[in-house]
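The values are calculated or read from the model by the stated rules, or taken from the named source; none is laboratory data. Computed from a predicted model, the values in this text were never measured in an experiment. Quick reminder, even Gly has a Cβ in these numbers, built from the backbone with ideal geometry, and neighbours come from all protein chains shown. To get the accessible areas, we keep the full protein, side chains included, count just its heavy atoms, and leave off ligands, DNA and RNA. Shrake-Rupley method; radii C 1.70, N 1.55, O 1.52, S 1.80 Å.
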Amino acid sequence: MKNYGGAVKPLRWSKSGELELSSDSIMMSREDGATYTGVVVFTLGFDSQHRAFARKVGKTKTTVEE
């Protein structure tokens, strides 16, 4: 497999000041030519000194295109 992608995209700011992001990774299989895309959504929180921390990490959703 060869990895393509890995981009992190901002989705939205919550009213409480948390930032929701999406990260995707695309892999192409040399064996069957299928493309596998994995997407995970996660939320960053910020402490009183504006340091980021992972508030929530969702499950990875994977799709396959042949």
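Taking PHE46, is it surrounded by 12 or more Cβ atoms within 10 Å (Cβ to Cβ) and within 13 Å of LYS9 (Cβ to Cβ)? Spell out how you get there, then give the answer.
Numbers: surrounded by 12 or more Cβ atoms within 10 Å (Cβ to Cβ): yes; within 13 Å of LYS9 (Cβ to Cβ): no.
Considered against the rule, which asks whether it is surrounded by 12 or more Cβ atoms within 10 Å (Cβ to Cβ) and within 13 Å of LYS9 (Cβ to Cβ), PHE46 comes out as no.
Among all residue pairs at least 6 apart or on different chains, which show Cβ distances below 8 Å where the first residue, located in the stretch 24-51, is of a type in the set (D, E, K, R) and the second is open to solvent by 80 Å² or more (accessible area, probe 1.4 Å)?
Listed by first residue and then by second, the contacts come to ASP24/LYS9; ARG30/MET1; ARG30/LYS2; ASP32/GLU66.
Residues are listed down the side, and each one gets a yes or a no for (1) in contact with a Lys or Arg (Cβ under 9 Å, 6 or more places away or on another chain); (2) open to solvent by 90 Å² or more (accessible area, probe 1.4 Å):
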residue	(1), (2)
VAL8	no, no
SER16	no, yes
LEU19	yes, no
ASP32	no, yes
ALA54	no, no
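Tell me, which residue of the stretch 1-34 that is among the hydroxyl-bearing types (Ser, Thr, Tyr) and at pLDDT below 90 is nearest to the chain's Cα centre (by Cα)? Talk me through it step by step, then tell me what you get.
First, pick out the residues of the stretch 1-34 that are among the hydroxyl-bearing types (Ser, Thr, Tyr): 4, 14, 16, 22-23, 25, 29.
Next, from what is left, pick out any that are at pLDDT below 90: 4, 25, 29.
Working: TYR4: 14, SER25: 8, SER29: 20 Å.
Once the filter is applied, the top-ranked residue is SER25.
Looking at the stretch 33-64 only, could you name the residues that are part of a loop (DSSP other than H, G, I, E, B) and of a type outside the set (A, V, I, L, M, F, W, C)?
Selection gives GLY33, ASP47, SER48, GLN49, HIS50, ARG51, GLY58, LYS59, THR60.
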